[in-house]
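Structure first, commentary second.
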């Protein structure tokens, strides 16, 4: 699984002019499921997102995680992160999970996040979403958990 996490001041996700999720200070994570991923990778990815230290401490150093600051978490499915862009001018999605598997693992991630980090907000798998955010820093990282 691949995620791009961004430290945000605010972030929202909207589908058909309906806001599905919104957070204030926290992490907005774009999440892609790859074809060999399992629930094990989803669990590890969620653990990494929640424990990744990207928030400033009293000295301005990135030493605090989402739990410590009690920040918001917005998880947005984005299969395009799994694209192979090494050759040509058009991305290949052969490494991405099939849509049904992607949907199932994102649903699993959704359920796991609800259990360990109540209040998590979500985008909608397979929908045409509009995502808006104010990146704080900017602070952006790519995390990958492989099978």
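Restricting attention to the stretch 80-122, the residues that are within 13 Å of residue 1 (Cα to Cα), crowded, with 20+ Cβ neighbours inside 10 Å and within 14 Å of the chain's Cα centre (by Cα) total 5. Of all residues in the stretch 127-147, those satisfying the criterion of being surrounded by 13 or more Cβ atoms within 10 Å (Cβ to Cβ) and either in contact with a helix residue (DSSP H, G or I) (Cβ under 7 Å, 6 or more places away or on another chain) or part of a helix (DSSP H, G or I) (or both) are 143, 145. Only a single item in (1) at pLDDT 95 or above; (2) more than 14 Å from residue 31 (Cα to Cα) is not met by residue 94, and it is number (1). Within the stretch 9-67, the only residue that satisfies the criterion of being part of a loop (DSSP other than H, G, I, E, B), surrounded by 15 or more Cβ atoms within 10 Å (Cβ to Cβ) and free of Cβ contacts under 8 Å to residues at least 60 places away in the same chain is 65.
Scanning the stretch 79-98 for residues that are within 19 Å of residue 128 (Cα to Cα), outside any strand (DSSP E or B), touching a strand residue (DSSP E or B) at 6+ places or on another chain (Cβ under 8 Å) and in contact (Cβ under 8 Å) with a residue 60 or more places away in the chain yields a total of 3. Quick one: would you say residue 75 is part of a strand (DSSP E or B), closer than 20 Å to residue 7 by Cα, without any contact (Cβ under 8 Å) to a residue 60 or more places away in the chain and within 16 Å of the chain's Cα centre (by Cα)? Taking the combined requirement at face value, the residue satisfies it.
For the stretch 104-147, a residue qualifies if it is closer than 18 Å to residue 72 by Cα and without any contact (Cβ under 8 Å) to a residue 40 or more places away in the chain, and the qualifying residues are 110, 111, 114, 115, 118.
The values are calculated or read from the model by the stated rules, or taken from the named source; none is laboratory data. Computed from a prediction, not measured in an experiment: that's the story for all the values here. Counting neighbours? That spans all protein chains shown, and the Cβs are built from the backbone with ideal geometry, glycine included.
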